[in-house]
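Novice: I am attaching a structure below and will ask some questions about it afterwards.
The values are calculated or read from the model by the stated rules, or taken from the named source; none is laboratory data. Only a predicted model underlies this, so the values are computations on that prediction, with no experimental measurement involved. Heads up, the Cβs are rebuilt from the backbone with ideal geometry, glycines too, and the neighbour counts pull from every protein chain shown. Note: accessible area is taken over every heavy atom of the protein model, side chains too, but ligands, DNA and RNA are not part of it. Shrake-Rupley method; radii C 1.70, N 1.55, O 1.52, S 1.80 Å.
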Amino acid sequence: MVRVRVLVVDDHRIFAESLAAALAAEPDVDVSAAGSGPAALRCLERAAAEGRRFDVLLVDADLGGNAPGERAAVPVRDGDAEGLVDGISLVAGVRVAQPGVRTVVLAEKDDPRRAALALQAGACGWVAKDCSLSRLLTVIRGVLRDETHLPPALLTGVLRELTAARKHRTESERLVESLTPREREVLRCMVAGLGRKAVAERLYLSPHTVRTHMQNVLGKLGVHSTLAAVALARRAGVGPVDLPPAAGRVGVEESSSA
């Protein structure tokens, strides 16, 4: 019998333990539970190192009590046992760290926008927390067959959200394409969090020239701050420049005078 290894990630201990116990009663399911994002990542890493990877991750959409999807997944230090990582960010982090693991988001209520964010982050399903055990098992076994599971009532809303996101990305890509090659270099430096002086040193330009390039970038992108330019660049798929380990970085500036 092929066994399915499931990891339940929820910071509500009673719910996590109850769900884990219910799943463990199934003859073909092995289940563990984690109470935080960092704890889940450690479980995944340990299991992979021992050659017994998890197959499915069940993640609480409200993990950590934060607004899911409002921030990107960030590396979690091993010592941060109780660090906060929201559910959708955890999904995105797992997709990068262990792409073979299928993730399903468990939610208190249906929300098309958040469900769309979860799918974009790499989730294979969005399921109500109060669904039946048989329904959850159907989803778990379905995502292992590369199926995507959403409640029927969410389909229209999620498709609308994904279509809008794609249109937004297309518009952002068109704006980025209007930049000159040098301006795109400057934009990638901005995405990396480099300030004007660091950009000047990296590109062998004067700070005044870099300032002009930055202002041109903001103007062509139709935004008024470095922060907004970076957000648009990320939507368009523009990544940061590669930085050497010792490279100095500064926080993203709000002002267009950056």
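Novice: What number of residues within segment 102-146 satisfy the criterion of being of a type in the set (G, A, S) and open to solvent by 50 Å² or more (accessible area, probe 1.4 Å)?
Specialist: 2
Novice: Can you pull out every residue in segment 78-114 that is assigned to a loop (DSSP other than H, G, I, E, B), touching a helix residue (DSSP H, G or I) at 6+ places or on another chain (Cβ under 6 Å) and at pLDDT 85 or above?
Specialist: Q98, V101 - these are the residues of segment 78-114 that are assigned to a loop (DSSP other than H, G, I, E, B), touching a helix residue (DSSP H, G or I) at 6+ places or on another chain (Cβ under 6 Å) and at pLDDT 85 or above.
Novice: Could you go through segment 169-182 and let me know if any residue there is open to solvent by less than 40 Å² (accessible area, probe 1.4 Å), more than 30 Å from H208 (Cβ to Cβ) and not in a strand (DSSP E or B).
Specialist: no
Novice: May I ask you to verify whether A229 is free of Cβ contacts under 8 Å to residues at least 24 places away in the same chain and in contact with a helix residue (DSSP H, G or I) (Cβ under 8 Å, 6 or more places away or on another chain)?
Specialist: no
Novice: While we're looking at this one, here's another question. So R182 ticks every box in (1) touching a Lys or Arg at 6+ places or on another chain (Cβ under 7 Å); (2) under 16 Å from V238 (Cβ atoms) but one. Which box is left unticked?
Specialist: Of the numbered conditions (1) touching a Lys or Arg at 6+ places or on another chain (Cβ under 7 Å); (2) under 16 Å from V238 (Cβ atoms), the odd one out for R182 is (1).
Novice: Do we have L44 as under 16 Å from R135 (Cα atoms), open to solvent by less than 40 Å² (accessible area, probe 1.4 Å) and aliphatic (A, V, I, L, M) here?
Specialist: In short, no.
Novice: Still on this structure, I have one more. Can you pull out the residues in segment 214-244 that are surrounded by fewer than 17 Cβ atoms within 10 Å (Cβ to Cβ), in a loop (DSSP other than H, G, I, E, B) and modelled with pLDDT under 85?
Specialist: G237, G239, D242, L243, P244
Novice: Moving to a separate point now. Counting only residues that are at pLDDT 90 or above and open to solvent by 10 Å² or more (accessible area, probe 1.4 Å), how many does segment 55-77 have?
Specialist: 1
Novice: On to the next question. State which residue pairs qualify: first residue under 20 Å from H12 (Cβ atoms) and inside segment 104-131, second residue surrounded by fewer than 16 Cβ atoms within 10 Å (Cβ to Cβ) in any location, beta carbons under 6 Å apart, and separation of 6 or more residues or different chains.
Specialist: These pairs meet every condition: K129/E108.
Novice: Report, by residue number, each residue of segment 9-35 that is closer than 15 Å to D130 by Cα and open to solvent by less than 40 Å² (accessible area, probe 1.4 Å).
Specialist: D10, A16, L19, A20, A22, L23
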